[in-house]
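S.K.: One structure coming up, written as structure tokens, with questions to follow.
The values are calculated or read from the model by the stated rules, or taken from the named source; none is laboratory data. Only a predicted model underlies this, so the values are computations on that prediction, with no experimental measurement involved. Note that we place each Cβ from the backbone using ideal geometry, even for glycine, and neighbour counts take in every protein chain shown.
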Amino acid sequence: MTKTPKKVLIILYYWPPAGGPGVQRWLKFVKYLKDFNIQPTVFVPKNPHYPIVDKSLELEIPNHVDVVKSSIIEPYAFAKMFSKKDTQSLSKGIIKTSKKQNFIQKTLLYIRGNYFIPDARMLWIKPSVKRISKLLDQTNFDAITTTGPPHSLHRIGYCLKLKNPNLHWVADFRDPWVNIGYHKDLKLTPSSAEKHQQMEEEVLTSADHITVTSPSTQKEFQQKTKKPVSLITNGFDDTDMSSELDEHFSLAHIGTLMSERNPENLWQVLAELVEDNQHFKNNLELKFIGQVSQNIIDSLRQYDLQKHSTFLGYLPHKEAQQQMFSAQVLLLIEKDLTQTQGIIPGKFFEYLQARRPILGVGPQDWDVAELIAKHKAGSAFSYQEKAELKSQIKTYFKAFMSGKLQVKSKGIEVYHRRNLTEKLVEIVDGLN
């Protein structure tokens, strides 16, 4: 006898046609939930200000999912009246270093950090709580989920939980909250910082179950709450990409490259190798797929690497994946901060699927470095390991010249989106 499907309400901000990494995680969860006898209803904004748009992802929305849309007031739309360029950069997460910020940029950051808490989507909280409360009266949902950032969505879950203590709620953190790397850039006053901490604590102690995407964030939250905290990483889905490789020694970075993700040690190493090795100079190609901050572009010019650089901008997801499968080496870059040790970019798992050597540059004790080593997928270095980084690139280039540049990643099947969805379903089942 077939069991009646469980009903889960999924509260999201990023949903197609949104592009970028934020949309992928739950789009894929929704795709596979039906395989586990769960009927999802998705609650999303009706008129959002998405910093990146990828209409191709609309084709991936499953036919079986119910989508409820609710209007949202987006402050970024008003901020454009002061500076369209600066507003677009801020909404994409591209923040200039303090020394290079003009008055408007500093003002926008101050307003964003201290008047829009927890984030710029805070104006969606009250109307969403009102609308969802009506949905809950009409439909007997077995659980709700929220995902952040933006962490305003967790505030929606918190308010709903206050109104209905028997409501089963899973709070999914794709990134940390108060310990996220960009918080120090928002020019928070002491009272604003305290407000963030208070809100985070309320969510962590009120949700029935918390899910996170990295071991470091799991450890952090386990110290802050007695509620269960489960690790469900991001992952990859089935694909039919071509495996034809680039002719040049291409080092490809996919995704937004912000100002503080500026690996000076990598640029120095590449410049030295270009100077010392004519074959390297003739074959090097740096490929950037996604938004790149002006600070990064300036650094590439400083090291005379602009002639080796190709900027393709944002590409639809499938085209970006093809770049992963074609690259000789895949670059993974994170800020050199203690707060970023637990950041595992969503693209990392698609990098694994592409089975091209991964070259990571990030903070010491980076979770990514451990995963790369575990799965034998490449190498990762801290910002202080210049000599070791140079040696590894020389090794990769030598293998490239002999036609033997490859990796044989192991044990990556656990990151298939269906397997990850099964872990989520086990959590939902355990709520009752």
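S.K.: Take the stretch 23-49 and flag every residue that is surrounded by fewer than 18 Cβ atoms within 10 Å (Cβ to Cβ) and out of contact with any helix residue (DSSP H, G or I) (no Cβ under 8 Å at 6 or more places or on another chain).
M.R.: Lys34, Asn37, Lys46, Asn47
S.K.: Among all residue pairs at least 6 apart or on different chains, which show Cβ distances below 7 Å where the first residue, located in the stretch 264-293, is in contact (Cβ under 8 Å) with a residue 60 or more places away in the chain and the second is among the small types (Gly, Ala, Ser)?
M.R.: Qualifying pairs under 7 Å: Glu264/Ser299; Ser293/Ser259.
S.K.: Could you run through the stretch 333-379 and say how many residues are outside any helix (DSSP H, G or I), basic (Lys, Arg) and within 18 Å of the chain's Cα centre (by Cα)?
M.R.: Number of matching residues: 1.
S.K.: Which numbered condition trips up Ser243, out of (1) part of a loop (DSSP other than H, G, I, E, B); (2) more than 23 Å from Ala399 (Cβ to Cβ)?
M.R.: Of the numbered conditions (1) part of a loop (DSSP other than H, G, I, E, B); (2) more than 23 Å from Ala399 (Cβ to Cβ), the odd one out for Ser243 is (2).
S.K.: Moving on to the next point. Determine, yes or no, whether Ser309 is of a type in the set (Ser, Thr, Tyr) and either within 28 Å of Asp367 (Cα to Cα) or out of contact with any helix residue (DSSP H, G or I) (no Cβ under 8 Å at 6 or more places or on another chain) (or both).
M.R.: no
S.K.: Those residues that are touching a helix residue (DSSP H, G or I) at 6+ places or on another chain (Cβ under 7 Å), of a type in the set (Val, Ile, Thr) and touching a residue at least 40 places away in the same chain (Cβ under 8 Å), I need them from the stretch 213-241; list them, please.
M.R.: If the condition is that a residue be touching a helix residue (DSSP H, G or I) at 6+ places or on another chain (Cβ under 7 Å), of a type in the set (Val, Ile, Thr) and touching a residue at least 40 places away in the same chain (Cβ under 8 Å), then Ile232, Thr233, Thr239 are the ones that fit.
S.K.: Let me ask something additional. Looking only at the stretch 408-421, count every residue that is touching a Lys or Arg at 6+ places or on another chain (Cβ under 6 Å) and surrounded by 13 or more Cβ atoms within 10 Å (Cβ to Cβ) and tell me the total.
M.R.: Total meeting the criteria: 2.
S.K.: Which pairs turn up if I take residues in the stretch 380-401 that are more than 14 Å from Asn277 (Cα to Cα) and look for partners that are at pLDDT 95 or above and hydroxyl-bearing (Ser, Thr, Tyr) with beta carbon separation below 6 Å, at least 6 apart in sequence or on another chain?
M.R.: Every condition considered, the pairs that remain are Gln392/Ser379.
S.K.: Looking only at the stretch 357-374, decide whether some residue is in contact with a strand residue (DSSP E or B) (Cβ under 7 Å, 6 or more places away or on another chain), surrounded by fewer than 18 Cβ atoms within 10 Å (Cβ to Cβ) and modelled with pLDDT of 95 or more.
M.R.: no
S.K.: Among the numbered criteria (1) of a type outside the set (Ser, Thr, Tyr); (2) exposed (fewer than 15 other Cβ atoms within 10 Å of the Cβ); (3) assigned by TED's automatic domain parsing to the domain that holds Asp175, which one does Glu275 miss?
M.R.: Status for Glu275: all satisfied but (3).
S.K.: State whether one or more residues within the stretch 316-324 are touching a Gly at 6+ places or on another chain (Cβ under 8 Å), assigned to a loop (DSSP other than H, G, I, E, B), touching a residue at least 12 places away in the same chain (Cβ under 8 Å) and over 28 Å from Thr217 (Cβ atoms).
M.R.: yes
S.K.: Please pick out the residue among Ile343, Ile289 that is touching a Leu at 6+ places or on another chain (Cβ under 7 Å), of a type in the set (Val, Ile, Thr) and under 17 Å from Leu257 (Cα atoms).
M.R.: So the residue among Ile343, Ile289 that is touching a Leu at 6+ places or on another chain (Cβ under 7 Å), of a type in the set (Val, Ile, Thr) and under 17 Å from Leu257 (Cα atoms) is Ile289.
S.K.: Take the residues in the stretch 382-406 that are outside any helix (DSSP H, G or I) and touching a Pro at 6+ places or on another chain (Cβ under 9 Å); name whichever of them is surrounded by the fewest Cβ atoms within 10 Å (Cβ to Cβ).
M.R.: Gln406
S.K.: Next question. Please go through the stretch 289-315 and pick out each residue that is part of a strand (DSSP E or B) and not aromatic (Phe, Trp, Tyr).
M.R.: Ile289, Val292, Ser309, Thr310
S.K.: Has the stretch 296-310 got any residue that is under 19 Å from Met401 (Cβ atoms) and in the same structural domain as Ala369 (by TED's automatic domain parsing)?
M.R.: yes
S.K.: Considering only the stretch 320-336, how many residues are crowded, with 21+ Cβ neighbours inside 10 Å and more than 12 Å from Ile254 (Cα to Cα)?
M.R.: 3
S.K.: So for the stretch 40-55 (the condition being of a type in the set (S, T, N, Q) and modelled with pLDDT of 95 or more), does at least one residue qualify?
M.R.: Yes, that holds for at least one residue.
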